[in-house]
Amino acid sequence: GAHRLVIGYRQRSTQGFFAALSDLYHYYSMYSSRKYVEQFSNGVTIISLYLDLAKHAKKLTNSETASSSTSSNVSPVLSATVPQASIEECVSQIKKEASLLYCIPNTPFQTLFKTGELSVQEAVYAYAGWIFAQHFLNRLGSEYATLAEILDPTDATDIEVLAKLKKRLRQETFTRELVLDILLRHHELVKDLYAHFAHVHYVSSDSSSAVNRVADRLKADLHVSLSMTRMQDQMPLTTEELQLKISRVTSNANDAMVMRALLDFNEHILKTNFYQPTKVALSFRMDPGFLPAVEYPTKPYGVFLVIGNEFRGFHVRFQDVARGGIRIVRSRNAEAFSMNQRTLFDENYSLASTQHRKNKDIPEGGSKGTILLNLDAQDRPFVAFEKYVDAILDLLLIGETPGIKNKLVDRLGRSEILFFGPDEGTAGFMDWASQHARKRGAPFWKAFTTGKSQSLGGIPHDTYGMTTRSVHQYVVGIMRKLELDETACTKFQTGGPDGDLGSNEIKISHDRTTAIVDGSGVLYDPQGIDRAELSRLAEARLMVQHFDTAKLSPQGFRVLVDDFQVTLPDGTLVQDGLAFRNTFHTNRLAAADFFVPCGGRPESIDINNVGMLFEEDGTTRFKYVVEGANLFFTQDARLRLEKAGVHLFKDASANKGGVTSSSLEVLAALSLTDDEFGRLMCKQPDGSLPTFYQEYVSDVQAAIESNAAREFECLWNESKISGKPKCVLSDDLSVAIVDLRKNLESTNLWDN
C-alpha cells in the first residue's frame with residue numbers, strides 16, 4: 001500500500017540531499033517504511049523511498065472519504081478515488097520539491113523548515129532572496145550620490161575620498177549575517193513575499209476540484225504548500241499592500257530595506273526555473289531596472305542570477321546579441337571568499353562593461369559570466385559550471401516535456417540566445433557546454449560556446465595565442481615608436497606560464513623578464529629569468545613552482561604561497577608567502593621598463609595603492625603598461641600613472657583578440673551547414689586539420705593583429721594631438737563605435 005518514489009542523480013553533484021529528503025516527507029506527515037540507495041558504475045545514484053501517510057493524516061483522509069460519499073456534488077466513483085488522490089498529491093508535492101532540495105539541500109532557513117514554520121519552497125525562496133539582498137541592497141544611499149555630484153571627478157583627491165567611502169559603505173552597511181538575521185526574524189513576511197512571487201511564476205497543473213477540496217481539508221495537518229493549493233483561500237497581497245505591511249511590521253529602517261529588497265526581487269524576475277520539475281540549480285532572468293543608477297550608471301540589457309549548491313553566479317550583457325567569457329572565481333580562505341562574494345556582481349558588471357567597449361571590432365555587444373565557488377566547493381569547478389549552464393538553458397529553451405521540462409511563465413515575452421566563451425578556469429569546459437546544449441535540443445548549439453576543441457570546429461584561444469596577439473601588438477607598437485630594443489627591455493608579468501595569456505606572452509616575447517607572479521607564488525631574478533626554462537614551463541603550461549631554481553642568479557629567488565619565514569638574498573624576511581604573492585605587484589622589487597598584467601584579480605591597483613608604484617623622488621617603477629588582464633587597474637589609478645608620464649594602454653583596447661576570434665568562430669558555425677562545417681572546420685578522423693580551417697585561423701590571427709595595430713596608432717596619435725590620457729581616449733573610441741553601431745541598427749540602411 002505504500003508509494004514508491006525513485007530519484008536518480010549524478011554522483012558527487014549534491015551534498016546532504018538524502019538527509020534533506022527525510023525532512024521533506026516528514027513535513028508532509030509521511031514516513032518511509034523502507035529506503036534504498038544504489039551507487040551505479042556509470043556515475044548515477046538511485047534513491048528508492050517507500051512512503052505512506054502517518055496515522056493521524058490517514059484518519060483525516062478517511063473522514064474526508066465519509067463526508068465526500070454523502071455529498072450530492074461528488075460522484076460515487078470520484079469520491080472513492082479522493083483519499084488515494086490526497087496521498088498521491090503529497091507524493092506529487094515531494095516529487096516536485098525534491099529538485100529544490102537537490103539544488104539547495106541545506107540553507108540557513110533549514111530550522112524553520114524542520115519546525116514547519118516555512119515550507120521547502122518558502123525556505124529556498126528565502127535563501128535566493130537572501131543572496132539577492134546581499135548583492136543588490138542600495139548600500140550607498142542618496143547622500144553618496146549628492147556627494148559625488150558636489151566633488152570634482154577630475155581631482156585625484158576627490159576621487160580617492162569617494163573611492164574609499166564607497167568601499168567602506170559596501171562592506172559595513174549590510175553584512176550577510178545582518179541580512180540573514182532580519183529575514184529569520186520576519187519569516188512571516190517572507191511567506192507573504194513568497195506568495196507574491198508564486199502568484200506570478202507558478203503554473204498550476206491541478207485540474208481536479210475534488211483533489212483541491214481534499215487539499216483544503218488536509219492543509220492544516222499536512223502543511224500542504226502553496227503550489228498545491230495555490231491562492232485557494234485568498235489572493236496574495238499586492239505590491240502596494242506588501243509595501244504597507246512591511247512598513248507596519250518592521251521595527252526600523254534597516255529591516256524594512258531588507259524586506260523591500262525581496263519585493264524588488266519579485267518585481268524584477270522576468271523568468272525562473274524555480275518550479276521546473278527537473279533542475280540542477282536555480283536560475284532567474286532579471287529585468288535590470290532594480291540596479292541603482294548611482295552605482296551602475298550604464299543599464300545592462302539583461303541580468304541572470306544562478307544559485308546552486310556549490311556556487312552562486314551572474315551573467316550580464318549590454319546588448320541582445322552579446323559575447324563574452326564565463327569566469328570561475330576561487331577563494332583561498334574564508335576572508336578571500338567574503339571579499340569575493342561582496343564584489344562578485346560589481347566585478348561581473350565591470351567585466352561585461354569592459355567587454356562591451358572591447359567589442360568595437362565585431363557586431364556583438366559585450367557580456368560576461370561569473371561563477372563564485374562556495375568555500376567548501378573549491379575542488380568542484382566543473383560541477384558548478386555544468387549546473388550554471390544547464391540552469392541558464394532552462395530559461396533559454398521552451399519546455400516541451402510535461403513533468404520534466406514544463407513551459408515557464410515568461411514575462412520577457414521573447415526568445416533569447418546567449419553566447420559563452422572561455423575565461424579564467426573554464427577554457428576546458430567549452431566542448432561539454434556545446435554538446436550539452438545539443439543534447440537538450442538547442443538549435444544554436446554550434447555557436448553556443450567558442451574556444452572549443454578542433455574536433456568540434458573550435459579555434460582554441462590558447463593554442464593559437466589569440467588574446468596575446470592583440471596584447472603584444474601594443475608592446476611592439478611602443479617599442480617601434482620609441483625605438484627600443486626588445487632584448488634590452490625588462491618586464492614584470494602577473495599571470496604565469498600555466499595560463500593562456502601568460503604562457504603565450506612568454507612564447508611570443510624576447511625581452512628580459514625579471515619577475516613573474518602566478519597562482520603558486522613569485523619568481524624573481526634581476527638579471528633576467530632564464531628564458532629557456534621559462535619557455536619549458538610555458539610549453540607544458542606549468543606554474544612557477546615547477547621552475548628549476550638552480551637556473552636563478554645569486555640575486556634571484558622563488559617564494560611560494562605556502563612558504564613561511566623565507567629570507568631573500570638581500571636579507572629581507574618574508575613572513576607569509578601568500579601575503580607576499582598577493583602584494584608583490586606593489587613591492588619595490590617589482591620594477592621594470594614594461595609591466596604586462598596577464599592575470600590577477602580585478603582592481604589589484606586602485607587609487608588607494610597606486611602610490612606604491614612611485615619611488616620617493618616621484619618617478620614611477622614602470623615606464624610602459626599594457627593591461628592584458630581585465631580590470632587590473634581602476635580608471636582613477638590609470639589616470640594617476642598617465643599623469644606621471646607612463647605610457648598606459650588599458651584592457652578594453654589591448655585585450656580584445658580572444659573575443660574577435662570567438663566572433664569569427666561563430667560566423668563560420670552560423671554560415672556553414674552541418675555537413676560543410678564538419679568537412680571544412682572540424683578535425684578529421686585521421687587527426688588532420690582541413691586546409692580551409694588552417695587558412696581561416698591564419699586570417700583570424702591577421703585580423704586580430706591588424707585591428708590592434710590600427711587602434712594603437714589611433715590612440716597614440718590622438719593622445720599626442722589632444723594631450724588627453726590614452727585610457728580616456730580608449731573609452732571615447734569604444735563609445736563612439738558602439739553608439740554608431742546602435743544608431744545604425746535603428747535606420748533602414750540594412751534594406752537599402
Query - Count of residues meeting criterion [touching a residue at least 24 places away in the same chain (Cβ under 8 Å) and among the β-branched types (V, I, T)] in region 690-731 - result: 4
Query raised in the report: Which residues, taken from region 588-635, are part of a loop (DSSP other than H, G, I, E, B), open to solvent by 40 Å² or more (accessible area, probe 1.4 Å) and either among the β-branched types (V, I, T) or under 28 Å from I328 (Cβ atoms) (or both)?
Result: R601, E603, N608, T619
Requested in this report: Looking at (1) at pLDDT below 95; (2) surrounded by 20 or more Cβ atoms within 10 Å (Cβ to Cβ), find the lone condition where F712 falls short.
Outcome: (1)
Query - Residue ID - surrounded by the fewest Cβ atoms within 10 Å (Cβ to Cβ), chosen from residues in region 473-515 that are part of a helix (DSSP H, G or I) and charged (D, E, K, R) - result: R480
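Condition check ((1) over 30 Å from G16 (Cβ atoms); (2) buried (at least 23 other Cβ atoms within 10 Å of the Cβ); (3) touching a Phe, Trp or Tyr at 6+ places or on another chain (Cβ under 8 Å)) across all residues:
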position	(1), (2), (3)
K299	yes, no, no
F311	no, yes, yes
R317	yes, yes, yes
A352	yes, yes, yes
G366	yes, yes, yes
T370	no, yes, yes
Query raised in the report: Mind checking which pairs have a first residue in region 537-556 that is in contact (Cβ under 8 Å) with a residue 24 or more places away in the chain and a second that is surrounded by 14 or more Cβ atoms within 10 Å (Cβ to Cβ) and polar (S, T, N, Q), Cβ under 6 Å, 6 or more apart or different chains?
Result: A538/S503; R541/S503; M543/S520; V544/S520; Q545/S520
**Report entry** Lone unmet requirement of (1) part of a loop (DSSP other than H, G, I, E, B); (2) modelled with pLDDT of 95 or more for L641
**Finding:** (1)
Report task. Please enumerate the residues belonging to region 391-435 that are out of contact with any strand residue (DSSP E or B) (no Cβ under 7 Å at 6 or more places or on another chain) and not in a loop (DSSP other than H, G, I, E, B). Result -> L393, L396, T401, K405, A427, G428, F429, D431, W432, Q435
Query raised in the report: How many residues, within region 64-112, are modelled with pLDDT under 50 and open to solvent by 50 Å² or more (accessible area, probe 1.4 Å)?
Result: 13
Query - Matching residues in region 360-393 - criterion: being within 14 Å of I417 (Cβ to Cβ) and in contact with a Leu (Cβ under 8 Å, 6 or more places away or on another chain) - result: S367, I392
Requested in this report: Could you tell me which of the residues Q575, Q565 is at negative phi, open to solvent by 20 Å² or more (accessible area, probe 1.4 Å), out of contact with any Ser or Thr (no Cβ under 8 Å at 6 or more places or on another chain) and not in a helix (DSSP H, G or I)?
Outcome: Q575
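Here's the yes/no breakdown for (1) assigned to a helix (DSSP H, G or I); (2) surrounded by fewer than 18 Cβ atoms within 10 Å (Cβ to Cβ); (3) modelled with pLDDT of 95 or more:
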| site | (1), (2), (3) |
| --- | --- |
| M231 | no, yes, no |
| S251 | no, yes, no |
| M257 | yes, no, no |
| K271 | no, no, yes |
| F274 | no, no, yes |
| P277 | no, no, no |
Query raised in the report: Quick one: A19 ticks every box in (1) open to solvent by 40 Å² or more (accessible area, probe 1.4 Å); (2) touching a Cys at 6+ places or on another chain (Cβ under 8 Å); (3) of a type in the set (A, V, I, L, M) bar one, so which box is it?
Result: (2)
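To keep it simple, each residue is scored yes or no on (1) over 29 Å from the mean Cα position of the chain (by Cα); (2) at pLDDT 95 or above; (3) hydrophobic (A, V, I, L, M, F, W, C).
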{"site": "L482", "(1), (2), (3)": "yes, yes, yes"}
{"site": "T514", "(1), (2), (3)": "yes, yes, no"}
{"site": "D518", "(1), (2), (3)": "no, yes, no"}
{"site": "I529", "(1), (2), (3)": "yes, yes, yes"}
{"site": "S535", "(1), (2), (3)": "yes, yes, no"}
{"site": "A538", "(1), (2), (3)": "no, yes, yes"}
{"site": "L542", "(1), (2), (3)": "no, yes, yes"}
**Report entry** Criterion (buried (at least 19 other Cβ atoms within 10 Å of the Cβ) and either assigned to a helix (DSSP H, G or I) or of a type outside the set (A, V, I, L, M, F, W, C) (or both)) met by exactly one of S470, S455, S535
**Finding:** S470
Query raised in the report: Is there a residue in region 413-431 that is over 18 Å from the mean Cα position of the chain (by Cα) and either buried (at least 19 other Cβ atoms within 10 Å of the Cβ) or without any contact (Cβ under 8 Å) to a residue 12 or more places away in the chain (or both)?
Result: yes
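This table checks each residue for (1) touching a Gly at 6+ places or on another chain (Cβ under 8 Å); (2) not aromatic (F, W, Y).
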{"position": "L670", "(1), (2)": "no, yes"}
{"position": "D674", "(1), (2)": "no, yes"}
{"position": "F677", "(1), (2)": "yes, no"}
{"position": "M681", "(1), (2)": "yes, yes"}
{"position": "D686", "(1), (2)": "no, yes"}
{"position": "T691", "(1), (2)": "no, yes"}
{"position": "V697", "(1), (2)": "no, yes"}
{"position": "V700", "(1), (2)": "no, yes"}
Query raised in the report: Just checking, how many residues over region 82-126 are over 17 Å from Y50 (Cα atoms), in contact with a helix residue (DSSP H, G or I) (Cβ under 8 Å, 6 or more places away or on another chain), among the polar types (S, T, N, Q) and part of a helix (DSSP H, G or I)?
Result: 2
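One line per residue, one yes/no per condition, for (1) at pLDDT 95 or above; (2) in contact with a helix residue (DSSP H, G or I) (Cβ under 8 Å, 6 or more places away or on another chain); (3) surrounded by 20 or more Cβ atoms within 10 Å (Cβ to Cβ):
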{"residue": "A637", "(1), (2), (3)": "no, yes, yes"}
{"residue": "H647", "(1), (2), (3)": "yes, yes, yes"}
{"residue": "N655", "(1), (2), (3)": "no, yes, yes"}
{"residue": "L667", "(1), (2), (3)": "no, no, no"}
{"residue": "L672", "(1), (2), (3)": "no, yes, no"}
{"residue": "F692", "(1), (2), (3)": "yes, yes, no"}
{"residue": "V697", "(1), (2), (3)": "yes, yes, yes"}
{"residue": "V700", "(1), (2), (3)": "yes, yes, yes"}
{"residue": "S706", "(1), (2), (3)": "yes, no, no"}
**Report entry** Pairs with Cβ under 8 Å, 6+ apart, first in region 238-255 and farther than 18 Å from R185 by Cα, second modelled with pLDDT of 95 or more and among the aliphatic types (A, V, I, L, M)
**Finding:** T239/L263
Report summary line: Within region 269-278, residues within 19 Å of the chain's Cα centre (by Cα) and either more than 21 Å from A133 (Cβ to Cβ) or not hydroxyl-bearing (S, T, Y) (or both) come out as I269, L270, K271, N273, F274
Report task. Give just the number: which of (1) within 25 Å of Y624 (Cα to Cα); (2) of a type in the set (S, T, Y); (3) more than 33 Å from the chain's Cα centre (by Cα) does S553 not satisfy? Result -> (1)
Report summary line: Only unsatisfied item for A442, checking (1) surrounded by 18 or more Cβ atoms within 10 Å (Cβ to Cβ); (2) under 22 Å from A427 (Cα atoms); (3) among the hydrophobic types (A, V, I, L, M, F, W, C), is (1)
Report task. Kindly list, by first and then second residue, each pair from a residue in region 320-339 that is surrounded by fewer than 20 Cβ atoms within 10 Å (Cβ to Cβ) to a residue that is charged (D, E, K, R), limited to pairs with Cβ atoms under 7 Å and residues at least 6 apart or on different chains. Result -> V321/E364
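The values are calculated or read from the model by the stated rules, or taken from the named source; none is laboratory data. These figures come from a predicted structure and were not determined experimentally. Cβ atoms come from the backbone with ideal geometry, glycine included; neighbour counts cover every protein chain shown. Calculation scope for accessible area: heavy atoms of the full protein, side chains included, ligands and nucleic acids excluded. Shrake-Rupley method; radii C 1.70, N 1.55, O 1.52, S 1.80 Å.
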